[in-house]
Structure formats: structure tokens, C-alpha cells
Amino acid sequence: MKRFYNHRDSIVTEAIDGLLRSSAGAHLCRLKGHDNIHVVLRRDWDKSKVAIVSGGGSGHEPAHAGFVGRGMLTAAVCGALFASPGVDAILAAILAVTGEAGCLLVVKNYTGDRLNFGLAAEQARALGHKVELVIVADDVALERGGNARGIAGTVLVQKVAGYAAEKGATLAAVTQTARDAIGATASIGLALTDVNVYDPEHETRLEDGEAELGLGIHGEPGAERIDMARLDDLVVAAAEKLAEHLTGDRQVLMVNLLGAVPVIEAQAILDAVSRTDMAQRLAFVVGPAPLMTSLDMNGFSLSAIPATAAFTEALQADVEPAAWPGIAAFEAVRTQPVPALPETFIDAASKNPTVEALIRRGAKILVDNEKELNALDARIGDGDAGSTFAESARVVLKDIDRLPLASPRQLCATIGRLLARNAGGSSGVLLSIMFAAAGQQDDWRAGLQAGVRRMQDYGGASEGDRTMLDALIPAVAALQKGDLGGAATAARKGADATRDMPARAGRAAYVPEEQLRAIPDPGAEAIARLLEGLTHAG
């Protein structure tokens, strides 16, 4: 696995300093003086209020340093990757931020964290400081109890406790608030991969057809392996497990991303939640966002806390850390009507068996070549050229009975509108432009020439730039004589010529020239295959 790092042993230090240099860390600083002490704290802290300190192993960013700031944590103690910070580092954090009001330690339920934070708390008390400690055990994968792990729900506890501290509550009150949140919070994770902690020989324990429900944030095995399935089914599996541990109250749901989930999939996960039975019980949502990750694990977790007035007020309060994504009402998607659009089928349908047969044959040719053109495009582009042409063909074919087949001008105009509304990709848009322009001419041959010129105007490409125009321009020129065979020959010659052309337009213009050599432009190849197929069929 490739990653951006210099050395496993230096990544924590470099990441902390990167945070402090960033726009998200302008309000932060760190302790200096010992190489093995990594403590991030508020620059503006005056010790007049209860300090909230949390932390743990690194690799879970933005937790915990990303949540240091007004309204959340006062300091975060960062250990090595997936390893609890040492007692000296924790004690240093306590001493740096604790005043007369005292300090609350928010600790996840892992043995190393409990022992090290606990010993540091005892040492701080021996020095005369008021220190309390709470243990977060929100993971319901292995049922609740003393062995439950502390996972993403820890962030909700930090937010609730941080709000109480920011308001000036006493240490006893802040501690009780945190305990109330801990008792009410439940979480469950689901992932498609385990985690690789910078181990070049790491072998994943999950097969391609497996997902894991209830795994920990350090890659600990989950409660069960389940079959890989559609998104909705995976989300239902997690939601049903979480729902078993929720109270009858309306809930706030936090959707946490474990590090490698793309934004588009993260948003789809939340949408999938809306189709679960649990959705009826949700009042608010936090995220989806990376809050407590596991390096680049491909997974998510769901955490819930009752939407009581006290918890909701605390979660809605504005905070300084940019990593906190805020909270929103969990509601139906808000919509407004689509404005009235021009009609696609303006002209009455009419029959022309010859034209209909030609369109059906052409559509079949493009659909049959979809995979081969995609494979060709994948060598130099994003691999969808065949699908773009095939989809354009399907769009026309779907409504062929509504087309004015007896009128070339009206047919071109209608096809232009059809493609504009339904076809995807730049090729679909360019073909729509061509047909729309052709539909403005009385003679279809002159119309196609006008359409090609319009494609050049909008697309910015010309013959010789290694695009589908290299096949289309000579083919349309040959069609001026009504010669379909000549058009096919011209298109093939033009498509083959693109093998040796430098790319000056289109996506291929961003590909190194040596990677293009001997490969025809997929768009030009599609035009050539279309016309060759029509000639052969005719």
C-alpha cells in the first residue's frame, strides 16, 4: 500500500505540526521540551474553567487534536500510532491546562488508555489538582459492559462535556454531564477492509466478498463477518444492531467515516439510513464526516445519543474546532419544482421505414461496441467512451416511435433535444449540438456540415486534434455526395490517422504522448465503426 509519509516513527510529530500550521489549527499550540510528549492545546486557555483533556493513539484523526478548541477539548494527548500516550505526556497535559476549576479526563475504554490516564490522574491529584476521569464504552458490537470499546461516540461525549465546561459548570457538574452522555451513547462500526498500520507486509483478513460488522477503530476483529452486499443491506445490518441498544427517545445520529470512504459514498450512506426502520426514531444527524478514523479503513460507524433538550442544546452549540461538522435536523429531502423546460417532442411523429431501419441498425452497432470502446478508452482516458455512445443510442431507440422520421430537419432537431436532455459525457453533448444545428437547416446534408462547425465552435477542437472530429469531418464531407460507403471509408481513414496524432483537445490532451501512441481516439473509432457497420448492413 502506498502512503504519503517519511517514516512511521515521525508521522505523528509531522502531522501535529501540520495541523498547527493549517487554517484549522490557528488557535492551537503544542507543548515543547520532550520528544515523546505530544500534547496539543488551546492557545487562549486561561485556566478559569474546567479543562477537558482527552487523547489516545494517533491514526484516528481528526480525533483527538482536531477537536481542541473553544467549546470542546482544552488539550489532546497524542500517542504513537494506535498506542496509548505515556503517563508523562498525559500528566504534562493536565499540568498545562488545569487551574482551580479542575480537569476532566475523557478516556476510551482500552486497557492502555485506562491505566496511563488513570495513573496520570493519580499523580496530578497528589500534586494538589482536582482531576476526574470518565471512561467511554459506547461500542455495542460485543454487547454493553465492562469490555465494550470506546469508539466514535467519544466525540459526542467530548462535545457535551465541552459545552458544560464552556458555560462555567463545576467539575462535579461537568463530570456528571459526561457520565450521562456516556450512559446514553451507543455506537457500531462496519467496514469493508481492516487497517494497515504502515506495515509493508500487511495482509487483510477480509476477502473481497466479505464485510465486517462491529470492528474496532484499531482494526480489532468485529462481532461477525457478513457477506458483501448492496449499500442499503449493509446499512440495515449496522442500524438494526445499533437500534437494539437505543432508548425509546428520539435520537441524534452521528455518521462517522473511518478514513477511506469517498464523499459521494458517505452521502449515500446517510441516504441509506433514511430507508431503515431506525430512521423513524431520528431527530438530528451529525455528519457524515471523518470524526474518529482508523487511518484509511474503508468503513463507517453509527453513533446515537438521545435527542433530549440538554444533549441537543450541547450538540447544537457553536464550537471553534473545524473538525466538528455541526448538527442538523433529520428531515425529508427539501425540494422545489423543476422550472418548465422546453418540450422534447415538438413535432408530430411520422413514419419512414428506411430511416427507422437505419436508426435501429446504428443503435445496435453502438451498443454492441460498448465494451470494446470502453476498453480502448480505458487505455488513455476514463473508460466510458463506449458507454456514452451506447447510451445516446439507447436514448434515441427508446423513443423511436415518437420521432418525426419523415422529416430530416425535424428529426435532427428532435434528436438534438433528446440527447441534450438524456445523454451523458462530452461526446453526448457534442452530438446533441451537431443535431440541434442540423435541425435548423432545410437540407440535412448542409445541416450536418453546419452541425460539425458548431461542434468545433463549442468544443474547441479541429481536424487533426485527435478527437472524434477527425473521423466525423471527412465522413460528413463524403455524405454531401450521398455516399455512405465513401463516408465510412473517410471515417476509417480519419480514425486510423489519430493513432499518430498528438492530442490537442479533449481528455487525451492531459495524457502523456507516449501513452497515446498507436491507440486510436475512441470517439473517432466509434464514428468509424458506426458508419462501417451501416455500410455493411446496407
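Please treat every number below as a calculation from the coordinates, not as lab data. Since we're looking at a predicted model, the values are computed, not measured. No Cβ is skipped: glycine too gets one built from the backbone with ideal geometry, and neighbour counts run over all protein chains shown.
Numerical summary
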{"item": "Test: residue in the range 410-433 that is within 22 Å of ARG453 (Cβ to Cβ) and without any contact (Cβ under 8 Å) to a residue 12 or more places away in the chain", "result": "yes"}
{"item": "Elements of type helices (runs of 4 or more DSSP H) contained in the range 435-506, each with 2 or more residues being of a type in the set (S, T, N, Q) and surrounded by fewer than 23 Cβ atoms within 10 Å (Cβ to Cβ)", "result": "444-459"}
{"item": "Hits in the range 181-225 (condition: in a strand (DSSP E or B), of a type in the set (D, E, K, R) and surrounded by fewer than 21 Cβ atoms within 10 Å (Cβ to Cβ))", "result": "GLU210, GLU224, ARG225"}
{"item": "Residue check, ALA181 under 33 Å from the mean Cα position of the chain (by Cα) and farther than 19 Å from GLY56 by Cα", "result": "yes"}
{"item": "Matching residues, the range 53-70, being surrounded by 20 or more Cβ atoms within 10 Å (Cβ to Cβ) and touching an Asp or Glu at 6+ places or on another chain (Cβ under 9 Å)", "result": "GLY55, GLY56, GLY57, VAL68, GLY69"}
{"item": "Index of the failed condition, ASP233 passing every other in (1) surrounded by fewer than 15 Cβ atoms within 10 Å (Cβ to Cβ); (2) farther than 20 Å from ALA211 by Cβ", "result": "(2)"}
{"item": "Residue in the range 405-425 that is of a type in the set (A, V, I, L, M) and farther than 28 Å from GLY460 by Cβ present", "result": "yes"}
{"item": "Number of the condition not met by ALA304 [criteria: (1) surrounded by fewer than 17 Cβ atoms within 10 Å (Cβ to Cβ); (2) over 29 Å from ARG3 (Cα atoms)]", "result": "(1)"}
{"item": "Residue, surrounded by the fewest Cβ atoms within 10 Å (Cβ to Cβ), within the range 401-424, restricted to residues that are in a helix (DSSP H, G or I) and among the small types (Gly, Ala, Ser)", "result": "ALA420"}
